[in-house]
Amino acid sequence: MKAIFLGLALSLASQAQPAGHTSLRAILLEQLHSTHDRKEWFVPAKIAVEGLSPKQASWTDGSGNHSVGQLTAHLVFWNQQQLAKFKGGPIKSNIVNDETFNNFDSASWSATVRQLDEVLSALEKVVETATEGQLDSWASTIAHIGAHNAYHIGQIIYVRKLQGAWDASNGVK
């Protein structure tokens, strides 16, 4: 009986996907890239933080809203946490979410931008190389990562627009 089941499973696994079928891996990668480096439905992070000076990245409207730098530091923190979790590495516990916005220093703006690009690229690589079982168990989390990133990218663009540091030709009028 085991041999019949194994043979059937191997036969099904070796068949090509039906035409028009998109794999879970492809969908998750598409979501990650759309919030990282591919301008599709909205502006990705790479464009959202591009071309800002450290002073511009530190700017706030004075009403308690976060700066672009703070929002970017927050994204770096949470994406690094999820990446570590996927890789089975240590993650920080007892996190106060509000504090994740305060890890920004304008002197390290270029490093923060680089870290964001690196962690988003690393998440894509993890999805590219994950087993089917890992993808199945991570799918919801990855979808939430994309939604979280998109939310804060929207805030980044809004802050840039408030300070007059957004070029509408980048995708948002």
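The values are calculated or read from the model by the stated rules, or taken from the named source; none is laboratory data. Just so it is clear, the model here is predicted, and its values are computed rather than measured. Note that each Cβ is placed from the backbone with ideal geometry, even for glycine, and that neighbours are counted across all protein chains shown.
When only residues in segment 56-68 that are more than 12 Å from residue 155 (Cβ to Cβ) and in contact with a helix residue (DSSP H, G or I) (Cβ under 7 Å, 6 or more places away or on another chain) count, which is surrounded by the most Cβ atoms within 10 Å (Cβ to Cβ)?
The qualifying residue surrounded by the most Cβ atoms within 10 Å (Cβ to Cβ) is 57.
Among the residues of segment 106-125 satisfying the criterion of being free of Cβ contacts under 8 Å to residues at least 60 places away in the same chain, surrounded by fewer than 18 Cβ atoms within 10 Å (Cβ to Cβ) and out of contact with any Gly (no Cβ under 8 Å at 6 or more places or on another chain), which is nearest to residue 55 (Cα to Cα)?
Within segment 106-125, the match that is nearest to residue 55 (Cα to Cα) is 107.
With 110, 169 as the choices, which residue is modelled with pLDDT of 95 or more, among the small types (Gly, Ala, Ser), assigned to a helix (DSSP H, G or I) and farther than 17 Å from residue 34 by Cβ? Before the answer, list the steps.
Values: 169 fails: modelled with pLDDT of 95 or more.
None of the others qualify; the one that does is 110.
Among the residues that make up segment 142-150, is at least one of them surrounded by fewer than 16 Cβ atoms within 10 Å (Cβ to Cβ) and touching a Leu at 6+ places or on another chain (Cβ under 8 Å)?
Looking for residues that are surrounded by fewer than 16 Cβ atoms within 10 Å (Cβ to Cβ) and touching a Leu at 6+ places or on another chain (Cβ under 8 Å), one finds at least one in segment 142-150, hence yes.
From the list 141, 129, 112, exactly one residue is of a type in the set (Ser, Thr, Tyr) and more than 15 Å from residue 29 (Cβ to Cβ). Which is it?
Values: 141 fails: more than 15 Å from residue 29 (Cβ to Cβ); 129 fails: more than 15 Å from residue 29 (Cβ to Cβ).
It is 112.
Can you find a residue in segment 30-46 that is modelled with pLDDT of 95 or more, closer than 30 Å to residue 173 by Cβ, surrounded by 15 or more Cβ atoms within 10 Å (Cβ to Cβ) and among the basic types (Lys, Arg)?
Checking segment 30-46: at least one residue is modelled with pLDDT of 95 or more, closer than 30 Å to residue 173 by Cβ, surrounded by 15 or more Cβ atoms within 10 Å (Cβ to Cβ) and among the basic types (Lys, Arg).
Assess whether residue 50 counts as being of a type in the set (D, E, K, R), at pLDDT 95 or above and outside any helix (DSSP H, G or I). Please lay out each step first, then the result.
Details: of a type in the set (D, E, K, R): yes; at pLDDT 95 or above: yes; outside any helix (DSSP H, G or I): yes.
Criteria met by residue 50.
Among the residues of segment 61-105, which ones are closer than 15 Å to residue 163 by Cβ and free of Cβ contacts under 8 Å to residues at least 60 places away in the same chain? Step through it out loud before you land on a result.
So the first thing to find is which residues in segment 61-105 are closer than 15 Å to residue 163 by Cβ, and the list is 61-63, 65-72.
Passing the criteria: 62, 63, 69, 70.
I'd like to verify a number: residues in segment 56-73 that are farther than 10 Å from residue 101 by Cα and either at pLDDT below 95 or not in a helix (DSSP H, G or I) (or both), how many?
Total meeting the criteria: 7.
Which members of segment 78-89 meet the condition of being crowded, with 19+ Cβ neighbours inside 10 Å and either touching a Ser or Thr at 6+ places or on another chain (Cβ under 7 Å) or modelled with pLDDT under 95 (or both)?
Listed by number, the list holds a single entry, 82.
Quick check on residue 172: is it crowded, with 16+ Cβ neighbours inside 10 Å and among the hydrophobic types (A, V, I, L, M, F, W, C)? Show your work before the answer.
Values: crowded, with 16+ Cβ neighbours inside 10 Å: yes; among the hydrophobic types (A, V, I, L, M, F, W, C): yes.
Yes.
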